[in-house]
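J.: Dropping the structure in here first, questions after.
The values are calculated or read from the model by the stated rules, or taken from the named source; none is laboratory data. Here the structure is a predicted model, which is why all the values come from computation and not from measurement. Using ideal geometry, Cβ is built from the backbone for each residue, glycine included, and neighbour counts are taken over all protein chains shown. Calculation scope for accessible area: heavy atoms of the full protein, side chains included, ligands and nucleic acids excluded. Shrake-Rupley method; radii C 1.70, N 1.55, O 1.52, S 1.80 Å.
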Amino acid sequence: MSDDRVDFASMLASRLCHDLLSPVGAFANGLELLADEKDPAMRERCIELLEQSARTSANKLKFFRLAFGSAGGFGELVPADEAKSAIQGIIGDRAIELNWMIGGDPLPKPAVKIILNLSLLLVDALVRGGRLDIGCEKQGEAVEIALHVEAERIFLDADVERILAEGEGATAMTSRTAPAVLVQAVARQSDGTVMLARETPTSLLVGAVLRGR
């Protein structure tokens with residue numbers, strides 16, 4: 001295995017561990033508090049926090065399985081509702097409105113990986129909330145994907161933006177930029193292209209066209 005592939009796998013693993021550390025750590029802390037707490041009201045609150053941490057951890061694992069893994073439970077097509085549910089899971093209780101503009105037909109697995117990884121990057125960029133629109137449709141043999149965000153402020157990492165706009169070699173790969181590198185790699189495997197356009201300071205459009213092979 002080449003050094004680049006090892007680095008890529010390491011960066012994705014780092015991103016996954018970073019995102020899971022908080023809810024799993026909160027779960028462990030909650031168990032410690034529950035063991036020492038005698039007040040019924042406080043114990044009930046601890047249980048609520050444990051349930052929340054468990055739910056957040058499960059949502060993130062479901063998302064990463066589809067976004068980073070092989071999604072072995074599915075064939076070459078993934079139910080659209082599975083992708084939507086995974087994105088809703090990472091949004092959680094953030095002030096982000098999801099506008100899902102995809103029908104009920106199953107989606108090609110490469111398209112799902114791109115949609116999920118772009119969603120991860122854009123949800124991270126909406127730190128003060130906003131709206132996320134997601135669309136995907138087939139045009140002949142090609143699959144067109146478009147994600148659009150609107151918010152008062154969009155905090156998309158500059159290196160992530162460069163990789164999406166210019167290609168995976170535009171800047172050094174880190175755990176923060178690994179999902180953007182994966183988007184470019186999946187698009188390249190499908191003879192596709194990735195596009196990014198900042199329409200206004202409060203509006204950003206990212207998309208991809210997959211042509212297959």
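J.: Just list whichever of Lys62/Lys113; Lys62/Lys84; Lys38/Lys60; Lys60/Lys138 have alpha carbons separated by over 23 Å in the model shown. Kindly include the intermediate steps, with their values, before the conclusion.
T.: Values: Lys62/Lys113 13 Å; Lys62/Lys84 11 Å; Lys38/Lys60 32 Å; Lys60/Lys138 28 Å.
The answer is Lys38/Lys60; Lys60/Lys138.
J.: Report the charge-dipole magnitude of the chain in Debye, nearest 20, computed about the Cα centre from +1 at each Lys and Arg Cβ and -1 at each Asp and Glu Cβ. Numbers along the way, then the final one.
T.: Values: 23 positive and 31 negative charges, 47 e Å.
Roughly 220 debye, rounded to the nearest 20.
J.: Further, regarding this structure: When only the heavy atoms of the protein chains count and the probe is 1.4 Å, how do Phe68, Phe155, Phe63 rank by accessible area, highest first?
T.: I get Phe155, Phe68, Phe63, largest accessible area first.
J.: State the percent of C-alpha pairs, over all pairs in the stretch 1-118, separated by a distance greater than 22 angstrom.
T.: Numbers: 3316 of 6903 pairs.
The proportion of pairs with Cα distances above 22 Å equals 48 percent.
J.: Can you give the helix-only mean residue ellipticity at 222 nm for the chain, where every DSSP H stretch with n ≥ 4 adds -39500 (n - 2.57) and the sum goes over all residues, rounded to the nearest 500 deg cm²/dmol?
T.: -18000 deg cm²/dmol
J.: I'd like to verify something in the chain: which complete DSSP H helices, judged by Cα projection on the helix axis, reach 20 Å or more and average at least -1.0 on the Kyte-Doolittle scale?
T.: Helices meeting the span and hydropathy rule in the chain are 3-36, 40-67, 109-125.
J.: I'd like the distance between the alpha-carbon centres of the stretch 66-127 and the stretch 13-47, rounded to an integer number of Å.
T.: Centre-to-centre (Cα) distance: 27 Å.
J.: If the viscosity is 1.306 mPa s and the temperature 10 °C, what translational diffusion coefficient in µm²/s does Stokes-Einstein give for the stretch 109-195 when Rh comes from Kirkwood over Cα pairs?
T.: Values: Rh = 13.3 Å.
Answer, rounded: 119 µm²/s.
J.: Now for a different question. Run the reach check for Lys109 against aspartates and glutamates, Cα to Cα strictly under 17 Å, same-chain hits fewer than 8 apart removed. What comes back?
T.: Glu76, Asp81, Glu82, Glu137, Glu141, Glu144, Asp191
J.: Convex hull over the Cα atoms of the stretch 101-142, averaged projected area in nm²?
T.: About 3.4 nm², averaged over all directions.
J.: Also, quick follow-up: Accessible area per residue of the chain at 1.4 Å probe, in Å²?
T.: 53
J.: Can you give me the % of accessible surface on the chain that is carbon or sulfur? Probe 1.4 Å, all protein chains present, nothing else counted.
T.: Carbon-and-sulfur percentage of accessible area, whole number: 53.
J.: Antiparallel versus total DSSP beta bridges in the stretch 65-137: what percent is that, nearest 5?
T.: Antiparallel bridges: around 25 percent, rounded to the nearest 5.
J.: Let a ≥ b ≥ c be the square roots of the eigenvalues of the Cα gyration tensor of the stretch 168-213; is it rounded (a/c under 1.5), or, if not, prolate (a/b larger than b/c) or oblate?
T.: Oblate.
J.: Here's something else I'd like to know. Evaluate the distance, in nm, between pseudo-label points positioned 7 Å from the Cα of Ala142 and of Leu49 along their respective Cα→Cβ axes.
T.: Modelled inter-label distance: 5.2 nm.
J.: Note the listed values [x] 20; [y] 12; [z] 29, then indicate which one is percent of Cα pairs over 32 Å apart calculated from this particular structure.
T.: Only one option fits the structure, namely [x].
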